[in-house]
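A short write-up of the structure that comes next.
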Ligand code: COA
């Protein structure tokens, strides 16, 4: 039976749009008048879309970008989370911090690759999403910052953890402690994005990368994502164990048999995700 996404490419309205085409889901943060700030409704909607995408066999790769010509996202919605802060530590942590951390953890650990296409400002939570995603491509107009310090607070969506692991402690701390803005090329040098491309070619570049992954076995893709991302937080011995466990799970799969047969028969493999 065809997936519902195949027949209905556009399935939702603001604050996050979902479109599916050729095995690729594109999620668009859609509050351009607020620079795609991450209010609670946006985060909840993004999470709901990811839940649906996870079980949708028609989707093999996810691209996440922002609507409008200015921003990917200017971060947590300051007006909204100020209300949670005013209600005290428990409400602030429950409503704001846990929600944002759950979002970035979900993107980081998602079994299908999430490619962030950074189309403009990526401040605060927008930068933290980029840090959490397994892959990212930036427009040459993208601008990044960790501006929470300017609000008198530390980052709360994983921003004190992932950038230091990605770029190194001192490079991350210089950005975290000053709120200094940094360019797409600087983000590339930090290892925060995979590539910087001319603004007009951002989505084609993201789709090209997505297409290269979408033709692979989704089982092997998920195994590599899990082994690399979880392995980074383990000792090498535990990471090697995780790697061998991921491989063992694939041994009975049709995709592995197909990949090996296609190599022997000198033809392109056709992977089914089974
Ligand atoms: N939360 C809520 N609303 C935000 C927002 C945020 N993080 N970032 C931007 N907006 C809103 C603005 O309030 C404004 O809406 P309004 O006209 O209804 O007030 C709209 O988006 C446009 O932003 P504006 O500030 O007018 O644009 P600018 O070009 O003057 O400045 C920024 C751009 C990014 C420098 C500025 O918006 C900013 O500092 N945003 C906050 C960034 C931040 O600290 N993020 C981390 C939060 S933890």
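Each value in this text was obtained by applying a stated rule to the coordinates, not by laboratory testing. All values derive from a computational prediction rather than experimental measurement. Positions of Cβ are generated from backbone atoms using ideal geometry, with glycine treated the same way; all protein chains shown enter the neighbour counts.
Note on the chain: with a GNM built from Cα contacts shorter than 10 Å, the maximum mean-square fluctuation among 87, 45, 99 falls on 87.
Going by how many other Cβ atoms sit within 10 Å of their own, how do 235, 73 line up, fewest first? Can you show the working numbers first?
Working: 235 9, 73 31.
Starting with the residue having the fewest Cβ neighbours, the order is 235, 73.
Full extension of the segment from residue 80 to residue 260, taken as 0.36 nm per residue of separation minus the current Cα-Cα distance, would add 59.5 nm.
Share of pairwise Cα-Cα distances greater than 29 Å in the chain is 34 percent (whole percent). Binning the C-alpha pair distances of the range 123-181 at 10 Å intervals from 0 yields a P(r) profile of 24, 60, 16 %, listed from the shortest bin outward. Spin-label model, residue 19 to residue 248: label points 7 Å out along the Cα-to-beta-carbon direction sit 4.4 nm apart. Residues 112, 171, arranged from fewest to most other Cβ atoms within 10 angstrom of their Cβ, appear as 171, 112.
The order of 228, 55, 193, going from fewest to most other C-beta atoms within 10 Å of their C-beta, is 55, 228, 193. Label sites at residue 173 and residue 238, each approximated as a point 7 angstrom past Cα along Cα to Cβ, lie 2.5 nm apart.
Could you tell me which of rounded, prolate or oblate describes the range 90-153, using a ≥ b ≥ c as the square roots of the eigenvalues of the alpha-carbon gyration tensor, with rounded for a/c under 1.5 and, failing that, prolate when a/b is larger than b/c and oblate otherwise? Present the calculation step by step, with values, prior to reporting the outcome.
On the way: a/c = 3.45, a/b = 1.20, b/c = 2.87.
Oblate, because a/c is 1.5 or more while a/b does not exceed b/c.
With only Cα atoms counted, the range 170-250 has Rg and Dmax values of 17.2, 46 Å. Per residue, the Cα convex hull of the range 166-210 amounts to 76 Å³. If you take the Cα centroid of the range 177-193 and the Cα centroid of the range 94-136, the two points sit 16 Å apart. Scaled against 2.2 N^0.38 Å for its residue count N, the alpha carbon radius of gyration of the range 42-120 is 1.25.
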